[in-house]
Each structure stands twice: as C-alpha cells, then as structure tokens.
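Take a look at the structure set out below.
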C-alpha cells in the first residue's frame, strides 16, 4: 500500500459529481440465516482450480458456496540475507491467512487480526508435515491465502464480551459455536486449497492434505437442564456445517482437521466446544470420524483439481493425439 | 493417454522397482510425491552377465519416477530448482575482495532457476594448483560470467563454489574499457577492440 498519504487538511470531494446510491427498500422481516437444504452427511459442492496466478510458483482458487479463497505458493526461494537467519537444512514454511476487508459480513481491517494469525498457524501445522522439506535446504516456501468471501462475521462477533459488574461471560450471540463453525469451514477450505497450490507448484509432498469440518448438534431442550442425559442419543453430526444451525438444534462442538487420506494421518486437529465430557472419548471420536469423512470427500475433488492443470499441459505438449473430443470437465462434487 | 498420479498414490513395491525422482518410500511401497506422469525406465542388464541368462538375479529392477510436465514456453525455467553439492552452475560475479569473490547463481545444471542464489568463490577454491599464489583480483572481476561447481551448501546465506578444474572459470568477460574479451590462454583474455590483455581464471572452451 504505497499510496500517497491522503490530504487531511481539506474536504476531498471527487473531482466530478456523484449520484447518491439508491437502495431497494429493506423488507420488514428480519433476514434469517439460510438453512442448509442438504442432508447432514452431505458436503457442499467444491470448486477448485489450480494455476490461475502466473507470477507465482503455484496457485489455486477454491469456492464452497459462500466461501471463496485464493492461495499463492512462492518458492522455494533463498532465505533473506540477514545475519539473524540461521542455516536451515530443511525448507522453512511460512503461512499467512488474510481476509480481504470485504470478506466477512463485518468489514475487516488491512492489518492481520488475531483470528487470521490463528488460522495461519493452524494452516502451517496442517501442511508442514506433508511437505518433503528436506529436499529444499536453505530455502523458504511461502503459502499466502487470501479469503475473498466467507460466512465469518469478523472479530467483533468472535470476541467474548464481558460487561462490567457481571460475573457471567456471555457471547454476543446465543449460539456460541457460531464463529468456530464459520472459521472451521474457512480453515478446511484453506487446507484443501493450499495443498492444491503446493501440488501445482511442483513441491514434493508425502501426501495431499485435505481439510474437513463437522459439528455435533443436540436438541435445544436437551442442552437446557432436564433430559440432559439423553443428549447422546439425539446427537446430530453435520458435515461441512453452515453458519445457521439446523432447526431446533444447538451446537455442542466443532471439529476441523487436516487429513492425509493415503497415509490415514491427521496433521492438524482443532476441536472447540463441549464434547467428550460425559462418555469418555467415544463422542469425540465420532465427531472426528465425521470430519474425516468430510475431508475424504474434499480429497476426491483435490485429486482431480491437482491433475487437471497437469493434464492440460500434457494435452497441449502432446503432438495432437487423435482423441475423440473427450470432455475434460470434472464433476466437482464431494 | 498416460495416466497421472497425485502425491500419496502408491506406485509399486520397493522389491519390484528402484525409486527415482519425484517419489518416496513408505511402508515398503514407492509413493508418488508429485503430480505428474509415471516414467518407468526399463531394467538395465547387469554388464557382467553378457550371456543372456534369464535369471532375474542378474537384472536390476526398473527405475520408477514421477515427472511433472512443463509447458514448452517455461521449459527452461524451473522454479523449484535448488543448487546442490556437485551441481554445475553459471554465476555472475557481483563483488570481489582479497579473500573471496561473491557471485549470483542464475543457472543450475543448464536450467534457469526461479530466484538467484548467492554464492562465494574463496581464494583457495579458484584453481587446483599453486593455490597460495592465487589473487582474486587477477582471477575474476565484477560482471564476469563464471562456470563453477557447488562444493558445499555453505552457511546460511552463501553457497560455496569452486573453479578448481580446467573446464571451470570465466566464460564471458568484458575488459576494463567495457569491450568483450576472448580467451587466449588459461589465465589471460584479450579485448576484441583494443587488444589489451587482462588476467582471468579462464574456463577451457569446449
């Protein structure tokens, strides 16, 4: 942002006149968050494409309903020539997640806030084990994620407000897992898209990492006092949850993970909420299994997206094989 | 049409293949680590057994590797290429002092790298014989294009290069006046315009 410093001394109107915007009159009823119209064990359709940014080593673009993000991979490039940088026998991975100012329902700033830094470190954890870093000594690999659109409501909503004189801690929304669901979907998308971008960059990896997210819901009555013991029987696991909870349900916990399907390894696990407090780890395992299932669905798309660009190059460089107009379109469903 | 593989995809057991590039071994399986085409180099006959014995012990298994195809337009540039020990590089001398010449590596093993890497040629690595008499100022000048070999990954910032071989040394240089020069022997180059002779550690022309 090397723009000239704004003129603060005068009122700066545009050099030519402007027309005030005219909006449609808002409807009287409050806008309800959209209910997902798919089964709980179904994931949203994923659009994933690689190699869209030519100036970087690898790139990808991902779209899952409202979520839109692009990933750039730079490197392996030489380490900066500062005396503070130690010798690195393995490549140094840096990850950066940034919401565009317009990406959340509440406008965000240009400076990275805490949730963006948090997503960045979680993305690092998900990817660092999958990259064959020993092949790239004395270099760094940068993964830069720009989120263009999401269901996230910004840090103001994510923050817990404590009013003076009150002893209880309340969130702004009655739905405490709201921010975690929104950020979870974002993180899972980041992981999947970053893997595709790394594959596009030609950086050697042990396995592709795909992101998956699942939320456990219970009936609203069960969470409020009586009948709490029956909560287990009424549990509803939703894969790839939308920000709006299902009718009459209240969220228990959300699980996001980075999963390497070919090796059956979890590289990053993030569970938030209240789960596994009563029946040992059994319910937590169920939740993790649901998230793994979501990650497996994403892996199918990831595999095809990673191949698509390479197939394009193969077709282009091949001396025009007599193919029968075979469609290269890929059904990008989970 | 050749099929493509993705990282994590098993290609075969280690008993049947020798792992090549773009693959790794996990649990006795050769696994792809790149997106690309599988290339299998056929089994090489053991040279000791020229008689055509069909016993499998005399043949080495085929090498399996995964190659990422590149567009013909960016074939020469390889963004993920890094200098390694014993790779031959082309570099441009950027700074010189009495102890070493600093160079900027831009070609590794005949491929243009995405970023330039910094390397140094220390005074003891300039030539093979009479190492004590070498003077950096009489071997390289800033702007020279040098063919060198990587001898070490070096410290945090520099690759260590060596020109201690007949084929290594200055391949292109301009005189002090800025005219191109041609080599006249292993330690001197002559200006094309003025005929002035300058000292360099000259690479043997092929």
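The values are calculated or read from the model by the stated rules, or taken from the named source; none is laboratory data. Remember, predicted model here, so these are calculated numbers, not experimental data. Virtual Cβ from ideal backbone geometry, glycine too; neighbours counted across all protein chains shown.
Numbers below:
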quantity	calculated
Matching residues in the range A:239-262 - criterion: being touching a helix residue (DSSP H, G or I) at 6+ places or on another chain (Cβ under 7 Å) and within 14 Å of chain B (Cβ to nearest Cβ)	A:258, A:259, A:261
Among residues of the range A:259-317, those that are under 23 Å from residue B:4 (Cα atoms) and assigned to a helix (DSSP H, G or I), counted	23
Any hit, the range B:100-110, residues being part of a strand (DSSP E or B), modelled with pLDDT under 85 and within 30 Å of residue A:197 (Cβ to Cβ)	no
Some residue of the range B:139-148 being at pLDDT below 95 and either in contact with a helix residue (DSSP H, G or I) (Cβ under 6 Å, 6 or more places away or on another chain) or assigned to a strand (DSSP E or B) (or both)	no
Failed item in (1) surrounded by 17 or more Cβ atoms within 10 Å (Cβ to Cβ); (2) more than 17 Å from residue B:104 (Cα to Cα); (3) touching a helix residue (DSSP H, G or I) at 6+ places or on another chain (Cβ under 7 Å), with residue B:199 passing the rest	(1)
Residue match in the range A:122-138 (condition: in contact (Cβ under 8 Å) with a residue 24 or more places away in the chain, assigned to a strand (DSSP E or B), more than 13 Å from the chain's Cα centre (by Cα) and within 18 Å of residue A:257 (Cβ to Cβ))	yes
Filter result (farther than 10 Å from residue B:89 by Cβ and either assigned to a strand (DSSP E or B) or facing another protein chain (nearest Cβ under 10 Å) (or both)) within the range B:112-124	B:112, B:114, B:115, B:116, B:118, B:120, B:121, B:122
Residue that is nearest to the other protein chains (Cβ to nearest Cβ) [pool: residues in the range B:1-17 that are buried (at least 17 other Cβ atoms within 10 Å of the Cβ) and in a strand (DSSP E or B)]	B:4
Only one of B:151, B:112 that is more than 22 Å from residue A:75 (Cβ to Cβ) and surrounded by fewer than 19 Cβ atoms within 10 Å (Cβ to Cβ)	B:151
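For every residue, the table says whether it meets (1) in contact with a strand residue (DSSP E or B) (Cβ under 6 Å, 6 or more places away or on another chain); (2) at pLDDT 95 or above.
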site: B:9; (1), (2): yes, no
site: B:44; (1), (2): no, no
site: B:48; (1), (2): no, no
site: B:52; (1), (2): no, no
site: B:68; (1), (2): yes, no
site: B:77; (1), (2): yes, no
site: B:85; (1), (2): yes, no
site: B:94; (1), (2): yes, yes
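A quick yes/no check of all residues on (1) under 24 Å from residue B:119 (Cβ atoms); (2) crowded, with 20+ Cβ neighbours inside 10 Å; (3) touching a strand residue (DSSP E or B) at 6+ places or on another chain (Cβ under 7 Å):
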site	(1), (2), (3)
A:84	yes, no, no
A:87	yes, no, no
A:90	yes, no, no
A:112	no, no, yes
A:117	no, no, no
A:121	no, no, no
